[in-house]
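Every number in this text was worked out from the coordinates using simple rules, so none of it is lab data. Being a predicted model, the structure only gives us computed values, none of them experimental. Here the Cβ positions follow ideal geometry from the backbone for every residue, glycine too, while neighbour counts run over all protein chains shown.
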Amino acid sequence: MPMHFVFVTDSHHYPDAPEDFSAPKMLTQSRRVLDAMPVAINALNPDFIVHGGDLLCGGSSFKMPWETYIRAVGEVASACSLFQAPTYYVPGNHDSDAQQASFDLFAQHIQIPHMLDVVDVGPRWRLAVANVYHDCSPISEAAGVWTDALDQALRNAARTAEADGRALILALHPWVVPHESQRNNPDPAGVILEGARIQE
């Protein structure tokens, strides 16, 4: 039975953003993007939705004030409540606040995994949603860390899925394979630390 899902990521909401920061971000238009997202995605009538993280502009890059972060979390939660299909959220490094590198307020409004959540999304499909910041700071380790605990949890989930005759889809925020421009870089930007094990 075919399944149809939408994967959306890096929507980067920043209420009243003072600038766009860098391309291709459209932060000064982020409210328009946020409002358009549920309408456009619902029109596709997906079986489920995955947001790959960075719903906000918290973390270290944008210096979002705490009061703005509070507002952004509320506006994102309100917009996401309009999705008409089951929706799963991967935490991104910009979903934490910029002051304490904490996901606490965000997680009160948007359900994110503590480490790895595994859910059935269809008769033969299972989704593993990973939090690569469960044991590190999203500010100092912006690409996250693939920990031993995550690795073991995913391997267990994969064995169980195979035994149950289900395909397992992994959703996480950073890159596992470096962009072509970073292939020869021994420390490629945006690639999860210790992530080589995911490819084994």
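A few remarks follow.
- Calculated diffusion of segment 9-77, Stokes-Einstein form, Kirkwood radius summed over Cα pairs, 25 °C and 0.890 mPa s, µm²/s: 194
- DSSP bridge pairs, segment 5-199: antiparallel proportion in percent, nearest 5: 30
- Checking every one of the trypsin sites (Lys or Arg not before Pro) in segment 5-113 against DSSP loop status and a limit of 10 other Cβ atoms within 10 Å picks out no site at all.
- Computed extension gain for residue 199 through residue 169, at 0.36 nm per residue and net of the alpha carbon distance, reaches 9.5 nm.
- Largest-first ellipsoid semi-axes for the chain, taking √(5λ) over the Cα gyration tensor eigenvalues, angstrom: 27, 22, 15
- Candidate membrane-span-like segments in the chain, meaning DSSP H helices with Cα atoms spread over at least 18 Å of their own axis and a Kyte-Doolittle mean of 1.6 or above, do not occur, with no membrane implied either way.
- Rg ratio (alpha-carbon, reference 2.2 N^0.38 Å) - segment 46-141: 1.10
- For the chain, the relative contact order works out to 18 percent when only alpha carbon pairs closer than 8 Å and six or more residues apart are counted.
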